[in-house]
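This report refers to the structure that appears directly beneath it.
The values are calculated or read from the model by the stated rules, or taken from the named source; none is laboratory data. The structure displayed is predicted, hence computed values, not measured ones. FYI the Cβ positions are ideal-geometry reconstructions off the backbone, even for glycines, and counts take in every protein chain you see.
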Amino acid sequence: MDKPTDPIAISALQHWCYCPRQCALIHQEQAFADNIHTARGNAVHRLVDLPGDAMKAGIKIERALPLWSERLGLIGRADLVEVHPDGTRFPVEFKYGRKRRALHDDLQLAAQALCLEEMLGRPVPRGAIYHASSHRRREVDIDTQLRDQVAATAAAIRAMLASERLPAPANDARCPACSLIEICQPALVADYTIRTAQLGDLFDTDDQP
């Protein structure tokens, strides 16, 4: 099988899992806008945006570590990677908000783990999401299912980028919190799609029994 050529940003996996149209607007159309949620997220990431390392309780802490995977065609960076005394790497992704499970966050963390495995040639079985509002971390097993989802999501994003077509809007409870809502116009686009389908039915000349 041919290796992917154009690398995909690791963050695109999170965007796709949350909403494929959001992913396309950001990574295909290069469109972005801030709102209160993205501003808070940016504030949290400033804690780990500056590359560097430190020692804490015998564990080396690496910040803003560049990552890549030639096998999956991914590129990005880890907010923080702990290097334990036995050499085990433990990626930690920083998120604004309280402790909660979210597949799109887990997928991004798993992609970081797979990149580390390929770069270092050793397993990365676990990582964590650090939730800044509650100052708590949630550990995540990088299991087979999550690994398969990373590969499948990367392939889906690559196919979307190759098609140069925007996915349909979600037009659901996710939309009000999305910073791209004014660019996406989910209600307007969804309404247009429905009306187009209805108009098509008006001119259906197939004989009905």
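Couple of notes before you dig in:
- Extreme residue, farthest from Asp143 (Cα to Cα), among residues of the range 99-128 that are part of a loop (DSSP other than H, G, I, E, B) and within 18 Å of the chain's Cα centre (by Cα): Lys99
- Odd one out for Tyr96 among (1) of a type in the set (Ser, Thr, Tyr); (2) loosely packed, with under 14 Cβ neighbours inside 10 Å; (3) modelled with pLDDT under 95: (2)
- Exactly one residue out of Leu50, Leu116 is out of contact with any helix residue (DSSP H, G or I) (no Cβ under 9 Å at 6 or more places or on another chain), surrounded by fewer than 16 Cβ atoms within 10 Å (Cβ to Cβ) and either farther than 24 Å from Ala24 by Cα or of a type in the set (Val, Ile, Thr) (or both): that is Leu50.
- The set of residues in the range 69-79 being buried (at least 19 other Cβ atoms within 10 Å of the Cβ) and in a strand (DSSP E or B) consists of Ser69, Leu74, Gly76, Arg77, Ala78, Asp79.
- Among (1) touching a residue at least 24 places away in the same chain (Cβ under 8 Å); (2) surrounded by fewer than 16 Cβ atoms within 10 Å (Cβ to Cβ); (3) within 19 Å of Arg71 (Cβ to Cβ); (4) not aliphatic (A, V, I, L, M) - the single one Gly121 does not satisfy: (1)
- Remark: pairs (first residue in the range 173-200, surrounded by 12 or more Cβ atoms within 10 Å (Cβ to Cβ); second residue modelled with pLDDT of 60 or more and of a type in the set (S, T, N, Q); Cβ separation under 7 Å; 6+ apart in sequence or on different chains) = Cys178/Gln22; Ser179/Asn35; Ser179/Thr38; Leu180/Gln22; Pro186/Asn171; Ala187/Asn171; Ala190/Asn171.
- Scanning the range 128-164 for residues that are in contact (Cβ under 8 Å) with a residue 60 or more places away in the chain and over 19 Å from Glu117 (Cβ atoms), we see that the one that is surrounded by the most Cβ atoms within 10 Å (Cβ to Cβ) is Ile157.
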